[in-house]
Amino acid sequence: MSTFRFEPHQKVKIYVQRDGQESSYASVIEDIGDTTINVLLPQENRAYILMHPGEQVRLDVFAASGVYYFYSTVQNVSLKQVGMVILDKPQYVHRVQRRKYERVRADFPVKYTVLNTPHYEGVLNVQAIEQALTYDVCPEGVCLISSAPLPVDTRLELRIQVPEAGKPAITAIARVVRSRKDQYSARYYVAMRIEEITSDDRTYLAAVIERLVNRRG
């Protein structure tokens with residue numbers, strides 16, 4: 001993990017989910033407390049981009065020493081005098097690596113449950129627990145090696161077991177965005193975007209990925 005210090009007036013970019021799509025907005029850090037960070041509520045067409053307590057967001061921070069990113073949860077929103085979003089202060093802040101949100105090879109065991117297949121009724125055994133391995137991972141998504149085809153738009157609950165002593169599995173809800181059969185075997189490579197995950201689990205996943213990147217040089 002990179003050494004980093006929050007400072008007032010640092011420029012940031014806030015990423016939020018709206019109607020299943022990710023949108024980003026420029027803003028500035030206004031104040032830093034022991035457990036919170038106050039960021040000016042971004043505007044679009046002179047209207048505030050409202051956020052809600054409990055909403056998960058991602059931020060890029062543009063510091064003098066480089067670009068960093070972290071995940072947080074909205075604690076509160078204030079519209080007094082000037083719009084402000086109060087965020088939980090993150091435990092970990094990560095430096096942007098060679099490319100943004102580094103995707104790394106990793107063969108982590110995964111148990112998954114198909115939640116719904118709206119366009120492919122009857123194709124998959126919904127609610128059955130299946131097993132797979134990750135092919136690669138990043139804080140925003142994962143690619144699985146699966147013995148079964150998983151159609152695009154299928155939503156799954158994932159339990160990713162990172163091989164670290166005493167650590168519980170990372171739980172996330174993800175949606176399939178691409179699926180292809182391996183040319184030389186019966187396996188499928190299934191790329192999916194993470195749609196729901198706790199701030200703690202996403203931060204932990206980002207820390208695991210950063211350690212892998214640093215270890216491999």
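A single member of T198, T171 is at pLDDT below 90 and in contact with a strand residue (DSSP E or B) (Cβ under 8 Å, 6 or more places away or on another chain), and it is T198. Only one of the numbered conditions (1) under 23 Å from E210 (Cα atoms); (2) under 21 Å from the mean Cα position of the chain (by Cα); (3) surrounded by fewer than 16 Cβ atoms within 10 Å (Cβ to Cβ) is not met by Y68, and that is (3).
Quick one: is V16 at pLDDT below 90 and surrounded by 17 or more Cβ atoms within 10 Å (Cβ to Cβ)?
yes
Pull up the stretch 175-195, narrow it to residues that are within 15 Å of the chain's Cα centre (by Cα) and of a type in the set (K, R), then point me to the one that is surrounded by the most Cβ atoms within 10 Å (Cβ to Cβ). Filtering first and then ranking leaves R175.
Condition (residue is among the charged types (D, E, K, R), touching a Phe, Trp or Tyr at 6+ places or on another chain (Cβ under 6 Å), at pLDDT 85 or above and part of a strand (DSSP E or B)) applied to the stretch 155-168: is it met by at least one residue? No, every residue in the stretch 155-168 fails to be among the charged types (D, E, K, R), touching a Phe, Trp or Tyr at 6+ places or on another chain (Cβ under 6 Å), at pLDDT 85 or above and part of a strand (DSSP E or B). Going through (1) among the small types (G, A, S); (2) at positive phi; (3) crowded, with 20+ Cβ neighbours inside 10 Å one by one, A172 falls short only on (2). For T73, the stated conditions hold: it is under 24 Å from L205 (Cα atoms), at pLDDT 90 or above and within 16 Å of the chain's Cα centre (by Cα). Candidates T203, T134: the one that is in contact with a Phe, Trp or Tyr (Cβ under 7 Å, 6 or more places away or on another chain) and either modelled with pLDDT under 85 or part of a loop (DSSP other than H, G, I, E, B) (or both) is T203. The condition (being under 19 Å from D200 (Cα atoms) and surrounded by fewer than 13 Cβ atoms within 10 Å (Cβ to Cβ)) is satisfied by just one residue among D60, D34: D34.
The values are calculated or read from the model by the stated rules, or taken from the named source; none is laboratory data. Since this is a predicted model, take the numbers as computed values, not measurements. Because the Cβ atoms are built from the backbone with ideal geometry, glycine has one as well, and the counts that use them run over all protein chains shown.
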